[in-house]
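This report refers to the structure that appears directly beneath it.
The numbers here are math on the coordinates, done by the rules we state, and not lab data. This is a predicted model, so every value here is computed, not measured. We place every Cβ from the backbone using ideal geometry, glycine too, and count neighbours over all the protein chains shown.
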Amino acid sequence: MHKTNPHPLLAILVLLLLAACASIGSPRGGAYDITPPKVVRCQPANMATDNKDKRLTLTFDEYVVIENASEKVVVSPPQKEMPEIRTSGKRIHITLYDTLQENTTYTIDFADAIVDNNEGNPMGNFTYSFSTGDHIDTMEVSGTLLEAENLEPVKGMLVGLYADLSDTAFTTRPFARVARTDGRGRFTIKGVAPGRYRIYGLQDMDGDSRFSQKAEKIAFDTIVIEPSCGPDSRQDTVWTDLDSTAIDTIKTVHFTHFYPDNVVLRAFTEGFQELHLLKTERPVPDFFTLYFTAPMDSLPIIKGLNFDIEDCGLVLERSAQGDTLTYWITDTLVSDKDTLSLSMTYQDTDTLGKLAWRTDTLDLTPKITRKRQREDLRKKIEDWEDQQKKARRRQKEKYVPEPNPFLREELGYKTQPTGSVAPMENVLFTFEEPVAHVDTAALRFFKQKDTAWVEEPYLFLPVENSLRDYRLYAEWVPGEKYKLEADSNAITSILGKLSAPIKKEIPATPEEEFSALFVRLIMPDTNVVVQLMDNSDKVVRSVKAVDDRADFFYLDPGEYYLRLFIDRDGDGKWTTGLYEQGRQPEEVFYFPKPMVLRAQWEVEQDWEPRSIPLDKQKPEAITKQKPDSEKRIKQLEAQREYEREQRERKRK
């Protein structure tokens with residue numbers, strides 16, 4: 001018998017209500033899985049002895065992946081042929097291709113590279129070990145690797161040990177044990193046997209685990225390391241949960257402490273740089289530029305193929321670093337050529353790292369040809385004449401003709417500083433082209449007294465090793481005003497351009513706008529150069545310490561940092577090391593805090609550079625190499641919450 005619902009409307013309303021309730025929002029899916037992967041089986045077993053098997057398998061309790069294996073995973077002793085490390089579901093398969101050494105502990109340090117496949121939870125610092133002998137070596141050596149020149153942590157560099165204590169071991173054989181530095185420059189060499197070792201750092205460019213190329217960055221120390229260990233303990237804080245700030249308990253954790261754990265190595269590259277021709281340019285007809293990867297001891301030999309090199313009037317301009325050569329062409333018959341063909345014989349680093357002479361043929365065509373320059377000038381003149389006609393019609397009898405600015409090409413220049421000058425500095429003039437002549441009789445320098453300008457003594461001298469830079473030297477009194485005047489044609493370039501009249505007012509900054517810093521050094525070293533750095537770790541000013549003092553006058557207010565180096569050779573510049581001579585790079589130290597200077601302040605600061613460990617000195621604010629980011633479950637939860645809120649917003 002067929003029955004009908006006596007309340008069909010009510011049933012429909014209930015169904016609609018249930019459907020609405022079911023679609024109120026997307027489910028959160030619960031908290032993220034925060035449990036890291038766990039090893040459930042190793043074949044052969046972790047810490048196994050008498051192992052001869054080169055195929056190794058690690059099995060986990062969940063699916064895993066390896067992040068940045070080439071950067072993080074290190075096999076020790078180092079392998080000549082790169083091992084194969086791959087993941088397959090819940091397994092990591094490792095195949096070693098080198099012959100296993102007798103009675104040797106092998107370690108495969110994964111660091112935090114192993115994460116679960118879903119949430120990316122890191123397993124933590126995991127190392128798999130086995131031995132081909134009857135015991136496992138378990139000693140460890142830890143420390144930090146820093147750039148010698150600026151104490152930056154060095155990431156991804158090898159640090160290794162040699163049981164052979166001779167200086168030749170580093171250049172003739174691979175490391176015995178090895179590790180790789182992390183984002184803090186930290187390293188831990190594991191699986192070390194008791195004994196005596198020397199320690200080195202290496203930026204291994206050819207994969208042979210030894211210092212075999214001059215271009216490789218290295219670090220070395222003469223200390224002999226004897227690894228040891230002992231029982232130790234630390235206080236660990238256990239939190240209620242991940243989001244809580246309440247302490248649940250503090251407990252004592254006992255562990256084995258391995259020594260030494262505070263080795264500091266200073267990395268450097270020897271003065272060697274590979275020399276290659278990087279590129280050539282001829283932006284305009286009047287010059288061409290050769291860019292090299294490093295300074296050169298011998299200049300290139302240039303021969304003209306479609307012009308006479310002897311008669312074209314080449315003038316060579318070298319960059320301050322000596323790696324860029326600009327050749328100015330003073331003969332217009334040559335510069336007017338659309339293409340300059342020449343042969344160039346120059347020194348080039350060969351595959352063995354040695355300099356060899358090489359000859360190239362070059363065809364140099366300007367990006368902007370002489371014809372294009374003339375067309376551009378004609379267009380500018382036409383535009384100017386059109387503007388004058390419009391002005392004549394608009395102003396009629398009041399019209400005053402303007403001088404034609406295109407009657408001649410004027411020699412332009414820039415100055416540094418552009419505004420006021422401090423008492424400790426002088427004004428730099430940089431001209432657009434190399435200067436051929438300065439008519440000093442056409443220059444005058446004044447100081448303002450009341451409303452009058454009175455001539456003052458000055459010097460206008462070329463900057464050493466520069467063809468375009470001149471410096472204006474004067475006695476700058478804070479708060480006073482000065483002026484440099486030059487008649488037209490006072491300065492002539494090698495291409496014949498003449499300067500326009502110069503009338504430049506130069507105020508000297510008032511004394512009350514400056515601050516001063518006086519540093520008293522507490523250290524036994526002499527020949528110390530103290531440097532004031534800005535917040536990008538660039539040198540603002542350098543002072544040679546005298547009687548353990550370094551005084552900085554007339555500083556702009558702001559935040560500064562202090563650095564010094566021991567100038568062993570007395571040349572005023574930081575000098576790198578040389579392994580062959582056993583010469584370390586000159587020592588560098590940082591003051592660990594910023595110096596805040598305000599106008600009219602005179603700050604005195606004592607500094608004992610050797611009282612703080614080297615790896616704790618450089619302020620974090622100016623350290624460019626930051627630690628590797630840690631994987632945090634809170635970040636994952638925050639992302640999940642953000643995604644949920646976005647879905648809610650879209651639904652509404």
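How much length is gained if the chain between Val463 and Ser298 is pulled fully straight, taking 0.36 nm per residue apart and subtracting their Cα-Cα distance, in nm to one decimal?
57.1 nm
For the chain, find the longest principal axis of its Cα atoms and tell me its angle to the long axis of helix 633-651, 0 to 90°, nearest 10.
Once rounded, one gets 80 degrees.
Quick one: what does P(r) look like for segment 277-368 with 5 Å bins over all Cα pairs, in whole %?
Pairs per bin, as whole percents: 3, 13, 25, 26, 17, 10, 4, 2, 0.
Between Asp551 and Asp569, what is 0.36 nm times their sequence separation minus the Cα-Cα distance? Round to one decimal in nm.
4.3 nm
Can you compute the helix-only [θ] at 222 nm over the chain? Use -39500 (n - 2.57) per DSSP H run of at least 4 residues, normalise by all residues, nearest 500 deg cm²/dmol.
-3500 deg cm²/dmol
Mind giving me the nanometre distance, one decimal, between the label points for His93 and Arg392, set 7 Å out from Cα along Cα→Cβ?
The modelled label-to-label distance comes out at 8.9 nm.
Could you list the residues of segment 322-343 with an amide nitrogen less than 15 Å from a label point located 7 Å from the Cα of Asp363 in the Cα-to-C-beta direction?
Answer for this model: 338-343.
Give the lysines whose C-alpha is closer than 22 Å to that of Lys398, dropping any in the same chain fewer than 8 places away, or say none.
Lys389, Lys390
Applying a 10 Å radius around every beta-carbon, put 348-354, 581-587 in order of their mean neighbour count, most first.
581-587, 348-354
Counting only residues 5 or more places away or on other chains, whose amide H sits under 5 Å from the amide H of Trp601 once H atoms are built in the peptide plane?
Ala516
With labels modelled as points extended 7 Å from the Cα through the Cβ direction, what inter-label distance (nm, one decimal) is found for Arg318 paired with Tyr63?
Output for this residue pair reads 6.2 nm.
Please state the shape class of segment 533-596: rounded when a/c is under 1.5, otherwise prolate if a/b exceeds b/c and oblate if not, all from the C-alpha gyration tensor.
Because a/c hits 1.5 or more and a/b exceeds b/c, segment 533-596 counts as prolate.
Scan around Arg41 for amide H atoms under 5 Å from its own, H built in the peptide plane at 1.01 Å from N, and keep only partners 5 or more places away or cross-chain.
Long-range HN contacts for Arg41: Thr59.
Please determine, in degrees from 0 to 90 and to the nearest 10, the orientation of helix 370-395 with respect to the longest principal axis defined by the Cα atoms of the chain, where the helix direction is its Cα long axis.
70
When the Karplus curve 6.51 cos²θ - 1.76 cosθ + 1.60 is applied with θ = phi - 60°, which whole-Hz ³J(HN,Hα) does each residue of segment 508-516 get, with x for Gly and Pro?
Each residue of segment 508-516 in turn: 9, 4, x, 4, 5, 8, 9, 10, 9 Hz.
Multiply the residue gap between Glu602 and Glu425 by 0.36 nm, knock off their C-alpha separation, and tell me the result in nm, one decimal place.
61.8 nm
In square nanometres and to one decimal, what's the mean projected area of the convex hull around the Cα atoms of segment 413-512? Intermediate results must be reported in sequence, preceding the final value.
Values: hull surface 25.7 nm².
Over every viewing direction, the Cα hull of segment 413-512 projects on average to 6.4 nm².
Of the listed values (i) 38; (ii) 62; (iii) 49, grab the one calculated as percent of Cα pairs over 37 Å apart from the structure here.
(ii)
Taking 45 Å as R0, compute the FRET efficiency from the Cβ-Cβ separation of Asp134 and Thr222 and round it to 0.05.
Numbers: r = 34 Å, r/R0 = 0.76.
According to the calculation, E is roughly 0.85.
Fewest first, what order do His254, His93 take by the number of other Cβ atoms within 10 Å?
Starting with the residue having the fewest Cβ neighbours, the order is His254, His93.
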